[in-house]
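Chemist: Handing you this structure, nothing more for now.
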Amino acid sequence: MVEWTDFERATIQDIFSKMDYEVVGPAALCRCLIVYPWTQRYFGKFGNLYNAEAITANPQVAAHGKTILHGLDRAVKNMDNIKATYAELSVLHSEKLHVDPDNFRLLSDCLTVVVASVMGKEFTSEVQAAFQKFLAVVVSSLGKQYH
Ligand code: HNI
């Protein structure tokens, strides 16, 4: 089980309580699709992903970016039980969606970049460390049901 310090818990709650899901979710998923174009292969039914402009303007990408953040919300609310919280989502990504689990890390790195740019100076190294630890647990839990 993962141990969290009071600072880590407070930081994660704080980041998510102030986060504008409408902006951060779409921005993180857009970055992932643009910076790592092979991740587009899972979103064939989302229509036009032809270039950065098309990806940024695609309403299905924006909607799915928000869905992902709502998925992360579940981990924020269950920080002591992230693995169990994600058991079903892990099976879905593995068995139904066939998403290569390496991509979880890529998306979480894009999310870090977006959160850092929104928070500016407040995104200190200590805050980054807490955020990265949280995302590492998320990534590991989402990958748990792969075999
Ligand atoms: Ni992901 C669906 C959460 C990373 C591809 N994904 C979901 C859903 C949630 C979710 C929640 C909706 C499930 C449902 O309908 O029951 N995804 C998350 C989280 C992360 C993540 C929390 C990581 C931080 N997903 C990824 C990555 C990819 C990905 C990295 C591919 C590169 N996800 C998908 C696809 C779907 C999906 C594809 C189905 C979309 C759809 O609309 O059918």
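The values are calculated or read from the model by the stated rules, or taken from the named source; none is laboratory data. As the structure is a computational prediction, the values presented were derived from the model and not from experiment. Cβ: placed from backbone, ideal geometry, glycine included. Neighbour counts: every protein chain shown. Keep in mind that these areas ignore ligands, DNA and RNA; they rest on the heavy atoms of the full protein, side chains included. Shrake-Rupley method; radii C 1.70, N 1.55, O 1.52, S 1.80 Å.
Chemist: How many lysine pairs in the chain, separated by 8 or more positions in sequence or lying on different chains, have Cα atoms less than 21 Å apart?
Modeler: 16
Chemist: Write out the chymotrypsin sites (Phe, Trp or Tyr not before Pro) in the stretch 50-140 meeting two conditions: DSSP loop, and at most 11 other Cβ atoms within 10 Å of their Cβ.
Modeler: Here the sparse-neighbourhood loop sites are 50.
Chemist: Within the chain, which DSSP H helices have Cα atoms that stretch 24 Å or more along the helix axis and a mean Kyte-Doolittle hydropathy of at least -1.0?
Modeler: Membrane-span-like by this criterion, though nothing is claimed about a membrane: 59-77, 102-119, 125-142.
Chemist: Under a Cβ-Cβ cut-off of 13 Å, what is the net charge of the residues other than residue 66 that fall near it, where Lys and Arg count +1 and Asp and Glu count -1?
Modeler: Here the count lands on -3.
Chemist: On the protein heavy atoms, probe 1.4 angstrom, tell me the percent of accessible surface of the chain carried by carbon and sulfur.
Modeler: Summing carbon and sulfur atoms, their accessible area is 56 percent of the total for the chain.
Chemist: Using the basic label-point model (7 angstrom from Cα toward the beta carbon), what is the residue 46 to residue 123 distance in nanometres?
Modeler: Calculated label separation equals 2.0 nm.
Chemist: For the stretch 1-44, which GluC sites (Glu not before Pro) pass both filters: DSSP loop (anything but H, G, I, E, B) and at most 13 other C-beta atoms within 10 Å?
Modeler: 3
Chemist: Turning to a different aspect of this structure: Hey, can you find the accessible area per residue of the chain for me, probe 1.4 Å, expressed in square angstrom?
Modeler: 57 Å²
Chemist: Using 0.36 nm times the number of residues separating residue 10 and residue 53, minus their current alpha carbon distance, what extension gain do you get?
Modeler: So the chain would gain 11.8 nm between residue 10 and residue 53.
Chemist: Continuing with the same structure: Dimensions of the chain along principal axes (Cα, Å, largest first)?
Modeler: Between the extreme Cα coordinates on each principal axis of the chain lie 44, 39, 19 Å.
Chemist: Using only Cα atoms, locate the centre of the stretch 37-66 and the centre of the stretch 98-147, then give the distance between them in Å, rounded to an integer.
Modeler: Here the answer is 20 Å between Cα centres.
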